[in-house]
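The values are calculated or read from the model by the stated rules, or taken from the named source; none is laboratory data. In this text the structure is predicted, and so the values were computed from the model without any measurement. No Cβ is skipped: glycine too gets one built from the backbone with ideal geometry, and neighbour counts run over all protein chains shown. Side chains included, ligands, DNA and RNA excluded: accessible areas come from the protein's heavy atoms. Shrake-Rupley method; radii C 1.70, N 1.55, O 1.52, S 1.80 Å.
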Amino acid sequence: MDRITGGNVMSAYEQEYNWAQSKPEEFWLNQAQNIDWFKAPNTALQTDENGIERWFPDGELNTAWLALDYHCEQGRGEHTAMIYDSPVTGVQKQYSYNNLRDQVAKIAGMLASEGVEKGDRVVIYMPMIPEAAMAMLACARLGAIHSVVFGGFAPNELAVRIEDAEPKVVMTTSCGIEINKVLPYKPLVDKAIMDSRWKPDTVFVLQRPECEAELGQERDKDWLSAVNQAKAHPCVPVKATDPLYILYTSGTTGKPKGVVRDNGGHAVAMKYSMSAIYNVPQDGVYWAASDVGWVVGHSYIVYGPLIHGCTTILFEGKPVRTPNPGAFWRVCEQYDVDVLFSAPTAFRAIKKEDPEGEYLHQYDLSKLKTIFMAGERLDPPTLEWVQTKSNKPVIDHWWQTETGWAIAGNPTGIELMPVKAGSSTKPIPGYQVEILNEAGEAQAPNQQGFVALKRPLPPSCLPTVWRNHDRFEAGYLGQFPGYYVSGDGGYLDEDGYLFIMGRIDDVINVAGHRLSTGEMEEIVGGHPAIAECAVVGVHDDLKGQLPLGFVVLKDGVDVDLNELEGQLVGKVRDEIGAVACFKHALVVDRLPKTRSGKILRRTIRQIADGEHYTVPSTIDDPTSLNEIERVLG
Ligand code: COA
Ligand code: AMP
């Protein structure tokens, strides 16, 4: 609907955007009315003791209530809440809202019997099975704070998170299942707890038939027997500003950042996004083909669709080889999926194995309305391929663990704007996106700079880093007063379309997984033969980026270079996990550096990607660049 103001016709998007920008408190209090509070908020925004704006400070609610009980109370208890589709085990199962609520209430009772209360932390290290989502919701039911750790991370990563979150309980399974391999989880959990200074009181282990775990420690408890003995636990009211979860994400150092998500702002933003961005009806079927270990999984496998009352799909498989590149389309047809959301890398994998879309054409996709992508930039060839083959609108949207929902996108529920390849379209109502230069000055259209968000940030965005507020201030707020810096570079064009050009820090995206090259450097640099090293993310046609290491040996070290590379690859795999995809380390005599000793990682990456580059004026020794070119052959 267009409205005429002072001679200008405002589009539906502009109206909504302007409302959120000019009267954010009114706008968000209005959106807050769409969820079922225990105590509805009267105050929209208040500054907390750290000077951070907080949403709905006087509101009380329970996120699990909104996701489950509320729908049962509304007479929608028999509606399907969750579909579990697991091509790797051959299992397909459906859960109604009543059923899911009852199971979650019992799991909450099981946690409560181990002393878990409001504010306590629970670490969840589980693959893509329904109990992972149930565990999250059970924590939410108790007002406990969950921290889900992606199942592909190695024990060291789990240990770091356990040590930081200090959970009373860890919830896990006996194994995860990847294509053609069963990965025992319990030994990884035992190792992580052994290496962590913090020891949880209890570890609940859900036994899976593919590989049973030995419950050898005193703290180990069999999940199924415990849940059978547990009493259903009611929803515990929490303040809107109480944390719902901590989700660790890669920063520039080896220590991941614990992004804190509050209950109230998150629930309101989830509810708003389901209509405004995804345009999915309440009884629609929504499928985010991601993993509960990532923010996409938190927001759009678990909370968003359930708060909205949809059917969500939890898929334990891959886009290809499960058993073929038709897996996504099969699921869409079988369950009448309205909205599909995944990472561009997943579609590149499908395109590689089914370039003509022969599998796609075997399925009836008439119910599928829109395909959304995020996690990395949607490259124009992939956009074009998916659009042409599926004949559906394909929407790129840009967001981060820190925000929990899209910062920029094409809000299809407000107005489907024309798509520009390479752009994630426009800022979502509530976000004020600006492009700043080093001095913090706004850039003209089409000029690249730091992509920054003017405060206050909308609901759901992080208010702090878990137990490290200084890191939040220093990493996000300190650079430009009044702004949050996203860590991404990019520009706005003359029509206000946002183009995200990639990270400007040491974070890379490998197959939609956010990883820190700084952390990889710490691991590689810890090898006794290595004097110093640089890890950069180089372009990869399938995974978007892959890490590549450049190492300088200590003087006098005499090693077989193939053996050394194998050791470094093994070390990164052992300490971060196979998902890091660190496969190569090249030995150089020296690394290119500035005169003040900073490694010129950007220039190294440009050389590795075969891009045109200018020799930085601050370079100490220009011949060091020849050395990089030499090893790259
Ligand atoms: N548990 C244990 N190991 C895991 C894992 C998990 N949950 N996820 C991945 N791994 C392992 C893989 O088995 C593989 O191990 P290998 O080196 O021994 O073969 C390694 O980590 C790399 O995995 P991945 O990067 O996923 O590569 P792949 O070749 O198996 O699959 C894609 C490639 C593109 C199909 C896959 O990465 C994908 O579907 N990506 C979508 C990502 C996504 O959903 N991102 C979330 C944001 S929306
Ligand atoms: P994560 O926190 O794991 O969701 O990763 C967030 C980062 O992924 C962002 O800072 C971007 O670098 C990148 N990213 C996510 N979505 C997009 C997108 N649509 N376009 C470009 N980059 C994206």
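Among the residues of this structure, D220 counts as one that is more than 16 Å from ligand 2 (Cβ to nearest atom), open to solvent by less than 30 Å² (accessible area, probe 1.4 Å) and acidic (D, E).
Of the residues making up the range 171-190, just one is basic (K, R) and either touching a residue at least 40 places away in the same chain (Cβ under 8 Å) or open to solvent by less than 80 Å² (accessible area, probe 1.4 Å) (or both), namely K186.
Restricted to helices (runs of 4 or more DSSP H) entirely inside the range 56-166, those with at least 3 residues that are within 20 Å of F315 (Cα to Cα) and out of contact with any Phe, Trp or Tyr (no Cβ under 8 Å at 6 or more places or on another chain) are 97-113, 130-142. Tell me whether the range 488-511 contains one or more residues that are closer than 18 Å to Q46 by Cα, in contact with a Phe, Trp or Tyr (Cβ under 7 Å, 6 or more places away or on another chain) and not β-branched (V, I, T). Within the range 488-511, not a single residue is closer than 18 Å to Q46 by Cα, in contact with a Phe, Trp or Tyr (Cβ under 7 Å, 6 or more places away or on another chain) and not β-branched (V, I, T). Just a yes or no: is a residue in the range 372-391 crowded, with 22+ Cβ neighbours inside 10 Å, more than 10 Å from ligand 2 (Cβ to nearest atom) and under 21 Å from Y13 (Cα atoms)? No, that holds for no residue. Just one of the listed residues (G304, G309) is surrounded by fewer than 24 Cβ atoms within 10 Å (Cβ to Cβ) and under 17 Å from L137 (Cβ atoms), namely G309. For the range 596-608, does any single residue satisfy the condition of being among the charged types (D, E, K, R), open to solvent by 20 Å² or more (accessible area, probe 1.4 Å) and within 30 Å of L188 (Cα to Cα)? Within the range 596-608 (the criterion being among the charged types (D, E, K, R), open to solvent by 20 Å² or more (accessible area, probe 1.4 Å) and within 30 Å of L188 (Cα to Cα)), the answer is no, since none of the residues qualifies.
Of all the criteria given as (1) away from ligand 1 (no atom under 16 Å from the Cβ); (2) open to solvent by 20 Å² or more (accessible area, probe 1.4 Å), the one not satisfied by A138 is (2).
Are any residues in the range 326-345 under 17 Å from V394 (Cβ atoms) and surrounded by 22 or more Cβ atoms within 10 Å (Cβ to Cβ), and if so, which ones? Within the range 326-345, F328, W329, C332, V337, V339, L340, F341, S342, A343, P344, T345 qualify.
On inspection, A444 does not qualify as outside any loop (DSSP other than H, G, I, E, B), at pLDDT 95 or above and not β-branched (V, I, T). Taking first residues from the range 486-506 that are touching a residue at least 60 places away in the same chain (Cβ under 8 Å) and farther than 25 Å from E473 by Cβ and partners that are in a strand (DSSP E or B) and not β-branched (V, I, T), the Cβ contacts under 6 Å between residues at least 6 apart in sequence or on separate chains come to G496/K426; L498/A408; L498/L492; F499/G490; F499/Y491; M501/G489; M501/G490.
Among the residues of the range 412-441, what is the count of those that are out of contact with any helix residue (DSSP H, G or I) (no Cβ under 6 Å at 6 or more places or on another chain), part of a loop (DSSP other than H, G, I, E, B) and among the β-branched types (V, I, T)?
Residues in the range 412-441 being out of contact with any helix residue (DSSP H, G or I) (no Cβ under 6 Å at 6 or more places or on another chain), part of a loop (DSSP other than H, G, I, E, B) and among the β-branched types (V, I, T): 4 in total.
Only a single criterion out of (1) among the β-branched types (V, I, T); (2) closer than 22 Å to D506 by Cβ; (3) open to solvent by 10 Å² or more (accessible area, probe 1.4 Å) is not satisfied by V259, namely (3).
To keep it simple, each residue is scored yes or no on (1) touching a Gly at 6+ places or on another chain (Cβ under 6 Å); (2) more than 14 Å from ligand 2 (Cβ to nearest atom).
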{"site": "A406", "(1), (2)": "no, no"}
{"site": "T412", "(1), (2)": "no, yes"}
{"site": "E415", "(1), (2)": "no, yes"}
{"site": "V419", "(1), (2)": "no, no"}
{"site": "K426", "(1), (2)": "yes, no"}
{"site": "V433", "(1), (2)": "no, no"}
{"site": "N437", "(1), (2)": "yes, yes"}
{"site": "V451", "(1), (2)": "yes, no"}
{"site": "P456", "(1), (2)": "no, yes"}
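Just one of the numbered conditions (1) over 18 Å from E157 (Cβ atoms); (2) crowded, with 17+ Cβ neighbours inside 10 Å; (3) within 16 Å of ligand 1 (Cβ to nearest atom) is not true of P547: (1). If the condition is being within 14 Å of E494 (Cα to Cα) and acidic (D, E), then the range 406-459 contributes only E434.
Within the range 564-579, residues that are over 12 Å from E521 (Cα atoms) sit with their Cβ atoms under 6 Å from residues that are within 16 Å of ligand 2 (Cβ to nearest atom) and of a type outside the set (S, T, Y), at 6+ positions apart or across chains, in these pairs: G577/G152; G577/F153; V579/G152; V579/H513. Screening the candidates V569, V552, V465, V535 for the property of being more than 16 Å from ligand 1 (Cβ to nearest atom), among the aliphatic types (A, V, I, L, M) and open to solvent by 10 Å² or more (accessible area, probe 1.4 Å) yields one hit, V552.
Applying the set (1) open to solvent by 20 Å² or more (accessible area, probe 1.4 Å); (2) out of contact with any strand residue (DSSP E or B) (no Cβ under 7 Å at 6 or more places or on another chain) to F27 leaves exactly one unmet item: (1). Say whether the condition of being touching a residue at least 12 places away in the same chain (Cβ under 8 Å), within 16 Å of ligand 2 (Cβ to nearest atom) and open to solvent by 20 Å² or more (accessible area, probe 1.4 Å) is met by at least one residue in the range 191-200. No - not one qualifying residue is present in the range 191-200. Among residues that are more than 27 Å from the chain's Cα centre (by Cα) and assigned to a loop (DSSP other than H, G, I, E, B), T603 is not included. The residue of the range 476-510 that is nearest to ligand 1 (Cβ to nearest atom), among those that are open to solvent by 20 Å² or more (accessible area, probe 1.4 Å) and at pLDDT below 95, is N509. Identification of strands (runs of 3 or more DSSP E) wholly contained in the range 318-397 with 3 or more residues that are within 14 Å of ligand 1 (Cβ to nearest atom) and at negative phi yields 339-342, 370-373.
Checking E434, E438 one by one, the residue that is crowded, with 16+ Cβ neighbours inside 10 Å and of a type in the set (D, E) is E434 and no other. Of the set (1) open to solvent by 10 Å² or more (accessible area, probe 1.4 Å); (2) within 16 Å of ligand 1 (Cβ to nearest atom); (3) over 25 Å from E415 (Cα atoms), all apply to L247 but (1).
Condition test on M110, is it hydrophobic (A, V, I, L, M, F, W, C), touching a strand residue (DSSP E or B) at 6+ places or on another chain (Cβ under 6 Å) and touching a residue at least 40 places away in the same chain (Cβ under 8 Å)? The answer is no for M110.
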